[in-house]
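Quick notes on the structure that follows.
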Amino acid sequence: RVTGKVVGTLVDEPIIFGSGSSGVPEDFQPVLRDSIYKLAHYPKYRLVINGYVSPGSDPQADQQLSEERARVIKRYFVEQGGVQEDRIYTQGLGSTDLPAQLVDESDAAWKRRARRAKIYLAQE
């Protein structure tokens, strides 16, 4: 568990997942690869990966999917980038802390933005 203070984001944009999916979207793989190189500049920092889902009818299933989304990004960093597992903390936050729905945004567009993962840097 990371106990240090979150000091910034490693990836500025959230990783957006397909509906009901926990696979790393192909569109975001270059972004994740680039972020692996950025980590070399932050050897004393840890990663915090938060997974989220759009609200569904089963809060327990939502929670599990959000946890899996965070874990799949962690696996990507470990397997593709050689990042040490103990340097990464994951947490699924279900459908909590969702982005605000924009005034002219449809429900479908808002739910698409809510299916995400955010990656932060934390200082120990």
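The values are calculated or read from the model by the stated rules, or taken from the named source; none is laboratory data. Predicted model only: the values in this text are computed from it and were never measured. Please note: Cβ atoms are built from the backbone with ideal geometry, for glycine as well, and neighbour counts cover all protein chains shown. Only protein heavy atoms, including side chains, enter the accessible area calculation; ligands, DNA and RNA are left aside. Shrake-Rupley method; radii C 1.70, N 1.55, O 1.52, S 1.80 Å.
What to note about this one:
- Residue match in the stretch 103-124 (condition: over 24 Å from Gly8 (Cβ atoms), in a loop (DSSP other than H, G, I, E, B) and in contact (Cβ under 8 Å) with a residue 40 or more places away in the chain): no
- Within this structure, Arg75 fails the test of being among the basic types (Lys, Arg), open to solvent by 30 Å² or more (accessible area, probe 1.4 Å), in contact with a strand residue (DSSP E or B) (Cβ under 7 Å, 6 or more places away or on another chain) and in a helix (DSSP H, G or I).
- Looking across the stretch 30-54, the residues that are loosely packed, with under 14 Cβ neighbours inside 10 Å and not in a helix (DSSP H, G or I) come down to Ala40, His41, Pro43, Lys44.
- Residue in the stretch 82-92 that is modelled with pLDDT under 95, in a loop (DSSP other than H, G, I, E, B) and surrounded by 15 or more Cβ atoms within 10 Å (Cβ to Cβ) present: yes
- Residue in the stretch 6-29 that is touching a Ser or Thr at 6+ places or on another chain (Cβ under 8 Å) and open to solvent by less than 40 Å² (accessible area, probe 1.4 Å) present: yes
- Qualifying residues in the stretch 93-109 (those that are under 17 Å from the mean Cα position of the chain (by Cα) and at pLDDT 90 or above) - the one farthest from Asp34 (Cα to Cα): Gly94
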